[in-house]
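What follows is a short report on a single structure.
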Amino acid sequence: MGRKLLIEHAQVEGIRTYEVYRKQGGYRSVEKALKTMSPDGVLEEVKKSGLRGRGGAGFPTGMKWSFLAKPEGVPRYLLCNADESEPGTFKDRYLMEKIPHLLIEGMITSSYALGANTSYIYIRGEYSWIVFILEKAIQEAYANGWLGKNILGSGYDLDLYVAPGAGAYICGEETALIESLEGKRGNPRVKPPFPAVKGLWASPTVVNNVETIAAVVPIINDGGDEYAKIGIGKSTGTKLISAGGNINRPGVYEIELGVPVEEFIYSDEYCGGIKNGKKLKACVPGGSSVPILPHFLINKTANGEQRLMTYESLSDGGFVSGSMLGSGGFIVYDEDQCIVRNTWNFARFYRHESCGQCSPCREGTGWMEKVLWRMENGQGKLSDIDMLVDIAKKIEGNTICPLGDAAAWPVAAAVRHFREEFEWHVHEPKACMERNYGLVREPVAV
Amino acid sequence: MPKVKIDGFEMEVPDGTTILQAARMIGGDIVPPAMCYYSTLQGSGSKCRTCLVKVTKGSEKDPRPMPKLVTSCQTMVMDGMEVANITSEEVQKARAGVVEFLLLNHPLDCPICDQAGECHLQDLAFEHGAAGTRYEFERRTFEKIDIGPYIKLHMTRCILCYRCVYVANQLTDNRVHGILNRGDHSEISTMIEKAIDNDFSGNVIDVCPVGALTDRTFRFKSRVWFLDPMDAHRECPTCSGKAVVWMYGNEVFRVTARKDKYGEVHDFICNTCRFEKKAPGDWVVEGPRSIDRHSVIAQGHYGQKALTVR
């Protein structure tokens, strides 16, 4: 059993309340940071820990913090990105729902390190009940002197707010999040300038994922070096993985980075194997926007090495035979699942969530969705398969924000690894409908 | 002053110049097309992705090439930068892809569109577009809306460049229209079909690169290439009064602001000049306007009726 740093106390009765959380050793990191460390000292610890962004891209957090511009007389902001909307990812929800004080503790320590006096938690609108949980926790923190003016007599002030969004996936992109927080339409900004220089209200801003900020708490408590001992190579620490799909035990698991993927799927500690004793077909290891892996590339990389749950190992082989750790939305497919239908479902999501600002993403996501829908309904053509790859290639890398890439990667990867299944959909539409929907019906005219 | 080389042409440009502006200083074929960038509107650009270029050398200090194609309208020039536009196959392919995306939901109703002949999308499709489409689905359509007495919004033709939104934000008193919805179903609109009512609203017609916003006082009156554009001015208390009148014989068919080579207006004109002053005596005609961007208009011969419909 691996060490648990974040959700160790998640099952303790009443951990949502301040008293129980404090009894379990809560707010120690704030005490330690504010009383014994300088802001730069906290930053050094985070750098030493090798913590990488848990929201998807895996950018080193310490480096991100050190890029923050610090001009005189301009406020700085820390924003917590709780707009977790990726299909397959639900780890932040678990964390915020169970232990809201952990996030708040992380926010205080991180804000202190960055010198931010106002911080925001931008939470997606669909998590409406978590807004109340967080606000109650913030009230308790204010009442006990962890927030507000002159925290612990250190002279450091911090105000923390929860800002609910209106339910847009695109607002999880950091500049769109900032736009939305400013009260505008959530369109991503053109970079540069990066948020570290010009972010919220044209001030230097850092945007971090919920889990990243929560991970600062154990780093300060135990020290960065101790945290860096967990994991392999540049993937240090623990990671929350939200496992779903055809497995025996779906749920949120905290793993030490470096657990073999095979162990993660089949061990009773984690997913507990494939449901109903079926065979493994494919796996999406990091939320819907990362490339899908076929069964022969899940346990072993293309070189024959064992595939581990780390940033490096999962992306081994690039996009030809690898994927990404992403945000940790681990989706497992058994042999009965239809890859075309699944890809269409993802494409439909991206079509719906594209902001419509730049043309390749706006038009391309809709086009891909329509082509996949046609194929799924038995009207596909063989030329459609190559056309899908071509559309994906024309979107990828040509858009303002990464949503275009996120829409293109799963489609391109599905065609790359499961071309036979796409061809089967074209050649035998009735047979694939029988499998997918359990009934024989005539192909629908599109 | 930084030196930049675009497709082998070197130019010294002031600090803070974008690649697109530098290319325009050099001029000629190497200027990337721009559908959404508008130099006089703050914040415009980077949306249409037609101006993508390849930076083959970042700068003198850091000679690495940039990993992705960049939008030339937003990327600042660095000293020693080398850019490939028409010499890069990758750029041409990406641009052809963008044109395909832009035309995907465009109705291609050029034969009945008032913008035909001075439409940027037409020029772009002519230069980079494919002969046919691979899109086999129903295109998105919208109802035509009259926004105010002078402007017709034909959303079906829109390519969502956001230029008119910036005009409404920056040129007029209060914001009157914007984008509704998201993704490929987003649309330019006024909330609850409210009329656009202010002195400078007519400029949204000039900034629109396609025929989505057209002049209701000119709709279906004539094709632009049958008209003679003339530089003209008048004493106007509201605006500069400098405009182009489009004449057929002695009759003024429409009035627009003066657009430069790249279709950009620097002196915006007011609605009175644009829509209400159409008697020949209203304007002091300075002389013929040379139009070099749109070849079909430039072909018109002043003083003679060379083009007749057969």
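Couple of notes before you dig in:
- Residue check for A:S383: free of Cβ contacts under 8 Å to residues at least 24 places away in the same chain, within 11 Å of chain B (Cβ to nearest Cβ) and buried (at least 24 other Cβ atoms within 10 Å of the Cβ): no
- When we screen B:A94, B:A168, B:A116 for residues that are surrounded by fewer than 21 Cβ atoms within 10 Å (Cβ to Cβ) and of a type in the set (A, V, I, L, M, F, W, C), the only hit is B:A116.
- Looking across the stretch A:161-172, the residues that are within 15 Å of A:Y120 (Cα to Cα) and either touching a Lys or Arg at 6+ places or on another chain (Cβ under 9 Å) or within 12 Å of chain B (Cβ to nearest Cβ) (or both) come down to A:P164, A:G165, A:C171, A:G172.
- Matching residues in the stretch B:57-81 - criterion: being more than 12 Å from chain A (Cβ to nearest Cβ) and either assigned to a helix (DSSP H, G or I) or crowded, with 20+ Cβ neighbours inside 10 Å (or both): B:S72, B:V77, B:M81
- Conditions (1) under 30 Å from A:K32 (Cβ atoms); (2) surrounded by fewer than 22 Cβ atoms within 10 Å (Cβ to Cβ); (3) in contact with an Asp or Glu (Cβ under 7 Å, 6 or more places away or on another chain); number of the one not met by A:S235: (2)
- Unmet requirement for A:T175, which otherwise passes all of (1) surrounded by fewer than 19 Cβ atoms within 10 Å (Cβ to Cβ); (2) modelled with pLDDT of 90 or more: (1)
- Scanning the stretch B:17-43 for residues that are within 13 Å of chain A (Cβ to nearest Cβ), among the hydroxyl-bearing types (S, T, Y) and in a loop (DSSP other than H, G, I, E, B) yields a single hit, B:Y37.
- Looking only at the stretch B:44-56, and only at residues there that are more than 10 Å from chain A (Cβ to nearest Cβ), modelled with pLDDT of 90 or more and surrounded by 18 or more Cβ atoms within 10 Å (Cβ to Cβ), the one that is farthest from A:Q357 (Cα to Cα): B:V55
- Residue ID - farthest from the chain's Cα centre (by Cα), chosen from residues in the stretch A:32-47 that are of a type in the set (V, I, T) and crowded, with 18+ Cβ neighbours inside 10 Å: A:V42
- Scope the stretch A:232-282; condition under 21 Å from A:K300 (Cα atoms), under 22 Å from the mean Cα position of the chain (by Cα) and part of a loop (DSSP other than H, G, I, E, B); matching residues: A:G233, A:K234, A:N246, A:L257, A:G258, A:V259, A:Y270, A:C271
The values are calculated or read from the model by the stated rules, or taken from the named source; none is laboratory data. Every value quoted in this text rests on a predicted model; they were computed, and no experiment measured them. No Cβ is skipped: glycine too gets one built from the backbone with ideal geometry, and neighbour counts run over all protein chains shown.
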